[in-house]
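Written out below as structure tokens is the structure these notes cover.
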């Protein structure tokens, strides 16, 4: 880009400088391609090794779909997948609803304490994940102790605590995405709708909502991905709960097998589908 | 005029008040539920560990009365903890620096590519950003294991097999691999806004390429460098999955120590863990504020 921007000057530049520049450009390109190889080689190798016949998953000895078939026989893995989907769907619906309304409030209203709410919204994104996970672990233990002492209700960590925590973590991300889509919003469209006799409720559902819908879907997809991929928060807030990343983690700790390569490949596939979806939605905008 | 407007003002004020009331209910309805969730399940838990950090560990590791400062005292005097802090900050620093050294040229490459390619190249950086972190870390276990691909290559070249897994190098590789996209994306955003004709202006005024880069381009893209560094540094220091899987039990980061204090060690020690988590957060926050202030001042 630097070179193409100034074509007339190249003629005057000495040949040696020109050659040195192109060497630098080539080096730059080679370096960048190497960086892409670094980013993708491990993923490709993992996919490749999910089809190997080698029982240790370390060598390519032949091609088989066997490991994928075995996944369905692993009852723990199947129930972990179902649990993970359940957590993902519930937490996405709730965090998208809460995040969207909060984004509307933050963009449309000026009120006292707005800066404070803003800070509270950005903190979960910036704070180290493990600190949030540990604080939730401590909080649930504390809350359960109080409930037991006061009402004699004994509660334990489970799917519910994981879902609650995932929602707390995802709201901020939804708010950020939805607010971005509200910032380019032409409010004259709403005024026009109201001039034509629509009430506020109609204006929102017929004008505002359809326009910010891509933003809401984008936020929801991000929340869903975060929930599916999350390991740290689930690991601490739901000890003993069978979730996919936790099950994979505990299997990996025992040994490396082609079966784990297979489930990992499927997880990669889901992630990539979600990115493509979110990109498609954003492009529509 | 004042006399005329007085009677008019009366009903207006009433209308205004009812409008205000309506707006307040609207705001409450929109903001309330989300705000409640964040206060109950984010702010309150943080308050709980603040309280825990001043309590005494009981026999099961759970916090008990009386209140004490000794947890903080231990953190600053015992070698195990001081070393973990220093080590984690050091690993975070090295990871951030290497991500910057790889990420900056990469972001620049994407921006200088022909427009048709640019979208694809950026998208290729984006995919790992959305991909499961655990799976991406696991991929390196497959590659680095004793009878893995890399060792096969080393062996084929005529060298003896090496222990690659459970080393500092493995952890560093995993950390850089996991965090690189977080560096590239903010850098891309900030280099994209950079006016490249300034580089020509610099060279017209006699600056060579390196001078132009160091004195024009780098300072002007500092916000991207700062944002990327923070996004890489914070998760790295708090990491425990990468160091656990690729470093075995040998390479300890703060995250691993925290996990053990809350879950594994015999007995666990929640108050000490809480104090450690808080100090960690405090150090990071102060560091981040300081960093942002410095880099944006340079920008002005």
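Numbers below:
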quantity	calculated
Residue-averaged 222 nm ellipticity for chain A, from DSSP H runs of 4+ at -39500 (n - 2.57), nearest 500	-26000 deg cm²/dmol
Cα-Cα pairs of the stretch A:69-284 separated by more than 29 Å (percent)	38
Cα centroid separation - the stretch B:159-218 against the stretch A:114-161, whole Å	38
Among A:85, A:155, A:243, residue whose mean-square fluctuation peaks in a GNM of chain A (springs only between Cα atoms under 10 Å)	A:155
Most fluctuating residue given options B:131, B:163, B:25, as computed from a GNM of chain B linking Cα atoms under 10 Å	B:25
Between the stretch A:169-220 and the stretch B:108-142, the alpha-carbon center distance in angstrom	31
Sorted by Cβ density within 10 Å, fewest first, the residues A:53, B:197	B:197, A:53
Residue-span extension gain [residue B:211 to residue B:157] - 0.36 nm each, minus C-alpha spacing	15.3 nm
Fewest-first sequence of B:253, B:282 by Cβ atoms within 10 Å of each Cβ	B:282, B:253
Whether the stretch B:82-175 is rounded, prolate or oblate, judged on the alpha carbon gyration tensor where a/c under 1.5 counts as rounded	oblate
Mean Cα-pair separation over length for the stretch A:159-270, i.e. relative contact order, pairs under 8 Å, 6 or more apart, %	35
Number of partner chain Cβ atoms within 10 Å, mean per residue of A:95-105	4
Enclosed volume per residue, in Å³, of the convex hull spanned by Cα atoms of the stretch B:1-137	372
Potential lengthening between residue B:147 and residue B:293 on full extension [0.36 nm per residue; Cα-Cα distance subtracted]	47.7 nm
The stretch A:126-228 - Rg (one decimal) and Dmax (whole number), Cα, Å	20.0, 59
Number of partner chain Cβ atoms within 10 Å, mean per residue of B:25-32	5
Label zone at residue A:272 (point 7 Å along Cα-to-Cβ), backbone N below 20 Å, the stretch B:129-171	B:129-143
MRE, 222 nm, helices only [DSSP H, n ≥ 4, -39500 (n - 2.57), over chain B, to nearest 500]	-24000 deg cm²/dmol
Relative contact order (percent, whole number), chain A, Cα cutoff 8 Å, 6+ residue spacing	30
Pairwise label distance in nanometres, residue A:144 with residue A:159, each label 7 Å out on the Cα-Cβ vector	1.7
Stokes-Einstein diffusion coefficient of the stretch B:181-263, Kirkwood radius over Cα pairs, 10 °C, 1.306 mPa s, in µm²/s	103
For a label point 7 Å along the Cα-to-beta-carbon line of residue A:125, residues of the stretch A:198-235 with backbone N under 13 Å	A:219, A:223
FRET efficiency for residue A:195 and residue B:116, using Cβ-Cβ distance with R0 set to 35 Å, rounded to 0.05	0.20
Which of B:67, A:185 has the fewest Cβ neighbours within 10 Å, and the rest in rising order	B:67, A:185
Estimated Rh, the protein assembly as shown: Kirkwood, alpha-carbon pairs, angstrom	26.9
GNM top mover of B:202, B:227, B:277 - chain B, alpha-carbon springs below 10 Å	B:202
Overall form of the stretch B:78-299 per C-alpha gyration tensor (a/c, 1.5; a/b vs b/c)	oblate
Partner chain coverage, peptide B:43-52 - average Cβ within 10 angstrom	6
Pairwise FRET efficiency - residue A:202 versus residue A:112, Cβ, R0 = 30 Å, nearest 0.05	0.50
Residues in the stretch B:183-206 that a label on residue B:101 would reach, taking backbone N under 18 Å of a point 7 Å out along Cα→Cβ	B:183-184
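Any read-out appearing in this document is the output of simple, stated calculations on the displayed coordinates, not a laboratory observation. For clarity, every value in this text was computed on a predicted model and none was experimentally measured. Every residue, glycine among them, receives a Cβ derived from its backbone with ideal geometry; neighbour counts consider all protein chains shown.
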